[in-house]
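Since the structure comes first, as structure tokens, the remarks are kept for the end.
Every read-out reported here was derived from the displayed coordinates using simple, explicitly stated rules and does not represent laboratory data. These numbers were taken from a predicted model, which means no experiment stands behind them. Because the Cβ atoms are built from the backbone with ideal geometry, glycine has one as well, and the counts that use them run over all protein chains shown.
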Amino acid sequence: MIYLLAAGAGLAAAVVGWLVTGAAAAWIADLFGMSDFEGARGMFAFLGVGPIGGLAAMVTAVWLVVRRGRGQAPVGATVGRVGAVLGGIVVLVAAAIGMRLLTLDTYSNEAPPALEFEIRLPATLALTDRDAVRVELHTDRNVGDGTLFAPWPRVDGAYQLLAGSVPLAFKTSGRLLVLELPGEPTRLFRLPLARNPSSTPGLGEWRRADHVHAAGAGQPVAAPADDPVALRLSRPARRRGVSHPANGFGIAGP
């Protein structure tokens, strides 16, 4: 029990010590004429000096609680107990930080990955209005616009192919790729991807839409088994450079 009390006292003292030391350092820096341009004085006080005061206050609080709880124990034993409590605090804080990083929905230290796609259409399906073709990634957090790559479209025998990418801005397991083609019902593809999908060596298998939504219809319906439009996906290791004009749906260079 004494170790839990010491850990709690240490954490509380660390916060108070950091705040008091930071405030004192900011006041002293102001007296000596330190500039506060772009928050320089505050960063110096609370990020440079404050942690020193917080650490000193935490060690002192843990020492006092352990010393009082264990009585006049030898100094070596007290130092060992204080070290054990401080080690426990470090493990606790590291675990809390790790849990927080694992549950973040955004990519904080790296650019969001891209999901590249290829859409296969019958060669007989006319694509005369490029601006009428839209690809969007719908999630429970956002709607991301897709970008098509040149050449547009690419003819492959009896098919024409539309290649492009959409950014995976958030980590989520609920993703829906929405395809709008001129004169066609909107096609909805449910993407069976992990919350933070790993990179893939290339494009996967072709898959057909899960649902279609005709103009004026109330709700989407299951896509027919013989639907002629198919999709395949890739999550490349590095983002492919594309251009994004104002409308968010441009054609990248070759």
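Between Ser199 and Ile2, how many nm apart are label points set 7 Å from Cα along the C-beta direction?
Each label point is offset 7 Å from its Cα along the Cβ direction, giving 5.4 nm.
Out of Ala111, Ala26, Ala237, any idea which swings most in a Gaussian network model of the chain, alpha carbons joined below 10 Å?
It is Ala26.
Tell me the angle of helix 75-103 to the major Cα principal axis of the chain, expressed in degrees between 0 and 90 and rounded to the nearest ten.
Rounded to the nearest ten degrees, it is 20.
Give the relative contact order (percent, whole number) for the range 134-216; include only Cα pairs under 8 Å separated by 6+ residues.
Working: 133 pairs, mean separation 21.3, N = 83.
Across the range 134-216, relative contact order equals 26 percent.
What do you get for the angle between helix 2-31 and the principal long axis of the chain? Use alpha-carbon atoms, 0 to 90 degrees, nearest ten.
90 degrees
Evaluate the distance, in nm, between pseudo-label points positioned 7 Å from the Cα of Leu161 and of Asp210 along their respective Cα→Cβ axes.
Roughly 2.5 nm, to one decimal.
Stretch Val79-His138 to full length: gain in nm at 0.36 nm per residue minus the Cα-Cα span?
Extra length from Val79 to His138 when fully extended: 15.6 nm.
Looking at Leu181, Val62, Ala217, which one has the Cα that reaches farthest to the positive end of the dipole of the chain (charges on Cβ: Lys, Arg +1; Asp, Glu -1)?
Comparing the listed Cα positions along the dipole, Val62 ranks first.
Specify the residue with the greatest mean-square fluctuation among Ile97, Ile52, Ile119, computed from a Gaussian network of the chain linking alpha-carbon atoms under 10 Å apart.
Answer for the Gaussian network model of the chain: Ile52.
On a 0 to 90 degree scale, rounded to 10, what angle separates helix 50-70 from the longest Cα axis of the chain?
60 degrees
Tell me, what is the percent relative contact order of the range 1-74, built from C-alpha pairs under 8 Å that lie six or more residues apart?
Relative contact order, the range 1-74: 48 percent.
Which residue fluctuates the most in the chain, going by a Gaussian network model with Cα springs under 10 Å, if the choices are Val91, Val75, Val166?
Ranking Val91, Val75, Val166 by mean-square fluctuation puts Val75 first.
Relative contact order for the chain: what percent, with Cα pairs under 8 Å and sequence separation of 6 or more?
Relative contact order comes out at 17 percent.
How large are Rg and Dmax for the range 1-98 when calculated on the C-alpha trace, in angstrom?
Cα-based Rg and Dmax for the range 1-98 come out at 16.3, 51 Å.
Suppose R0 equals 41 Å. What FRET efficiency, 1/(1 + (r/R0)^6) with r the Cβ-Cβ distance, do Asp129 and Asp30 give to the nearest 0.05?
Values: r = 63 Å, r/R0 = 1.55.
The formula returns an efficiency of 0.05 here.
Determine, from the Cβ-Cβ distance of Thr60 and Phe37 and an R0 of 51 Å, the FRET efficiency 1/(1 + (r/R0)^6), rounded to the nearest 0.05.
The computed FRET efficiency comes out at 0.90.
Between Arg190 and Ala96, take the C-beta separation as r, use R0 = 45 Å, and let me know the FRET efficiency to the nearest 0.05.
The value I calculate is 0.85.
To the nearest 20 debye, what is the magnitude of the charge dipole of the chain about its Cα centre, counting +1 on the Cβ of each Lys and Arg and -1 on the Cβ of each Asp and Glu? Present the calculation step by step, with values, prior to reporting the outcome.
Details: 23 positive and 19 negative charges, 233 e Å.
Once rounded to the nearest 20, the dipole reads 1120 debye.
Can you compute the helix-only [θ] at 222 nm over the chain? Use -39500 (n - 2.57) per DSSP H run of at least 4 residues, normalise by all residues, nearest 500 deg cm²/dmol. Kindly include the intermediate steps, with their values, before the conclusion.
Working: 4 runs with 84 residues, N = 254.
Calculated mean residue ellipticity at 222 nm is -11500 deg cm²/dmol.
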